[in-house]
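The values are calculated or read from the model by the stated rules, or taken from the named source; none is laboratory data. Nothing here was measured: the structure is a model prediction, and the numbers come from that model. All Cβ positions, even for glycine, are placed from backbone atoms using ideal geometry, and neighbour counts span all protein chains on display.
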């Protein structure tokens, strides 16, 4: 998920080279028209806020040109500066291991900027994995807030940076209500609820 985030990062780097994914993810992404989505992200309807985030990451304006998206699965591919992985892999220990791996050394990489787009960015642990939730990590995460609006941690002498961005692709309450109103489903079944009463309240809020 969150294809819009890493595609926009790819754009901010000039849409040059390739994007690394694992073979399972590649089979899914091959079913999508990523090049068309990439082009759509660069048109005039592109969110100004999203552009500012990517400008901050790349320290240069977005290039609004058409480009194709090439996906690769070889970790040693030096052209793949953007690498898509699971959120759970973006911990200090995993990133340190990755940076020192033979594959990364063969590709010539010496630094990692890990981007964690999550709606939990501003919770007390800064949106970091459970293994990072020490008191020191929480203080660092909450203290280091950059202009992109997220929590930023620099590790290993600046060779590893973890950027926790406040981001969610979930619909707003207003959008959900409009969707239910237009679709008129026979029933609405909440998948996340604290109790039966809470479930009933959610259904009522969406069907008024």
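Table for the structure above
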read-out: Selection count where residues are in contact (Cβ under 8 Å) with a residue 60 or more places away in the chain and outside any loop (DSSP other than H, G, I, E, B), scope the stretch 160-174; value: 4
read-out: Residue in the stretch 80-94 that is surrounded by the most Cβ atoms within 10 Å (Cβ to Cβ), counting only those that are at pLDDT 90 or above, assigned to a loop (DSSP other than H, G, I, E, B) and touching a strand residue (DSSP E or B) at 6+ places or on another chain (Cβ under 8 Å); value: 80
read-out: Lone unmet requirement of (1) surrounded by fewer than 15 Cβ atoms within 10 Å (Cβ to Cβ); (2) touching a strand residue (DSSP E or B) at 6+ places or on another chain (Cβ under 7 Å) for residue 72; value: (1)
read-out: Cross-chain or 6+ apart pairs with Cβ under 6 Å, the stretch 175-201 first and surrounded by 10 or more Cβ atoms within 10 Å (Cβ to Cβ), then in a loop (DSSP other than H, G, I, E, B); value: 199/190; 199/193
read-out: Qualifying residue in the stretch 142-154 (condition: outside any strand (DSSP E or B), within 23 Å of the chain's Cα centre (by Cα) and either over 23 Å from residue 118 (Cα atoms) or modelled with pLDDT of 80 or more (or both)); value: no
read-out: Selection within the stretch 79-114 - in contact with a helix residue (DSSP H, G or I) (Cβ under 7 Å, 6 or more places away or on another chain) and touching a residue at least 60 places away in the same chain (Cβ under 8 Å); value: 82, 84, 92
read-out: Qualifying residue in the stretch 5-16 (condition: modelled with pLDDT of 90 or more, in a loop (DSSP other than H, G, I, E, B), surrounded by fewer than 18 Cβ atoms within 10 Å (Cβ to Cβ) and not assigned by TED's automatic domain parsing to the domain that holds residue 165); value: no
read-out: Residue in the stretch 45-55 that is part of a helix (DSSP H, G or I), over 16 Å from residue 117 (Cα atoms) and at pLDDT 85 or above present; value: no
